[in-house]
1. Calculate, for ARG284 and ALA61, the FRET efficiency according to 1/(1 + (r/R0)^6) with r their C-beta to C-beta distance and R0 22 Å; round to the nearest 0.05.
2. If I stretch the segment between ARG244 and PHE108 completely, what's the gain in nm (0.36 nm per residue apart, minus their alpha carbon distance), one decimal?
3. Taking the Cα centre of segment 221-289 as origin and charging only Cβ (+1 Lys, Arg; -1 Asp, Glu), how large is the dipole, in debye to the nearest 20?
4. Could you tell me what percent of the DSSP beta bridges with both partners in segment 182-284 are antiparallel, to the nearest 5?
5. What does the charge dipole of segment 133-289 about its Cα centre add up to, to the nearest 20 debye, if the Cβ of each Lys and Arg holds +1 and the Cβ of each Asp and Glu holds -1?
6. Taking the convex hull of the Cα atoms, report for segment 182-284 its projected area averaged over all directions, in nm².
7. Could you list TYR241, TYR68 so that the one with the fewest beta carbons within 10 Å of its beta carbon is first and the one with the most is last?
8. Pop out the ³J(HN,Hα) list for segment 196-206 in order, Karplus 6.51 cos²θ - 1.76 cosθ + 1.60 with θ = phi - 60°, rounded to Hz; leave Gly and Pro as x.
Amino acid sequence: MRRLRLIASAGVLAVLVSCPDPEGDPDDTVIVVGIAPERTFVERLLEGSGRRVRIDVLLPAGSNPHTYEPEPARMRALSRARLLFHGHLALETAWRERFQAVAPEVRFVDLTAGLADLEEHGHPNPHVWLSPVAVASEVRRMHEELRGLFPEESAILEQNLRSLLAQIEALDRELRADAAGLQGRSFLVFHPAWAYFARDYGLTMLSIEEFGMEPGPRGLGELIQEARRRKIDTIFVQPEYDTRPAEMVARELNARVVPISVLDEDWFAMLRSASREIFAAARRSEAVL
């Protein structure tokens, strides 16, 4: 369990905890998020407020979002939730009826509505949180919902929103500058999480897996041939997934395998670190226009 975090500002105290605890303080307002980066954004928006808030994350660190099933303790913790920010995980859709059964009063807020406009085999690609442009929209939606829940905190919420958006927009400008001259370059991933990032910064993402499925022998052969044509020398994987298929492709390409956890709670640090690796790999690839 993550440690209790105390945030104090001008003598006002907000208590934020991050793991489901059915025996938690009944005075805490419970907000549920799907993934750890969302918890960071909610914390930032509430920083310095006078509200006692417990933030529960549905997907524990290190879990595969396609196979994880919430344990009973997490389901019980939902019973007091006021808001559930969702949209990034298949489990949120698959388990929605069960969530509503244990928490009939919870307000479900789809953070990806209007944003998840890229597809994987006819299904919306949910990985919008890897796009700073999309995250800015998600944060605005969070702010709107939190302001409705805590109208007396409108001033501090607005102040925190402006600060957080400024930081997100600065990161976007930084990444656009770093990506200058990389249009037509490519990078290879195991899981297609970086589609929105690639679109934002003018790159081409090749993916081994599509919507949870690995390609057949013919599709895999075509992918390897295309990766060779583009002179790709790196495969990016997520440690939450089985990396053995990527390692097999890496042997065929004489490529290295680089893990990146896209579910890291420190979203800013993760995206900066990941972008450096991805841009460097793309720069080494052959430009294909």
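1. Working: r = 31 Å, r/R0 = 1.42.
Taking R0 as 22 Å, the efficiency between ARG284 and ALA61 is 0.10.
2. Numbers: separation 136, 0.36 × 136 = 48.96 nm, distance 3.64 nm.
Here the answer is 45.3 nm.
3. Values: 11 positive and 12 negative charges, 97 e Å.
Result for segment 221-289 is approximately 460 debye, rounded to the nearest 20.
4. Values: 1 of 11 bridges.
Among the beta bridges of segment 182-284, antiparallel pairing accounts for roughly 10 percent.
5. Values: 20 positive and 26 negative charges, 185 e Å.
I would put it at about 880 debye.
6. Working: hull surface 24.3 nm².
About 6.1 nm², averaged over all directions.
7. Numbers: TYR241 19, TYR68 16.
Least to most surrounded, the residues fall as TYR68, TYR241.
8. Karplus-based 3J(HN,Hα) across segment 196-206 equals 6, 4, 4, 5, 4, 10, x, 9, 10, 9, 9 Hz.
Any read-out appearing in this document is the output of simple, stated calculations on the displayed coordinates, not a laboratory observation. Owing to the predicted nature of the structure, the values given are computational and were not obtained by experimental measurement. A quick note on method: Cβ atoms are made from the backbone with ideal geometry, for glycine too, and the neighbour counts reach across all protein chains shown.
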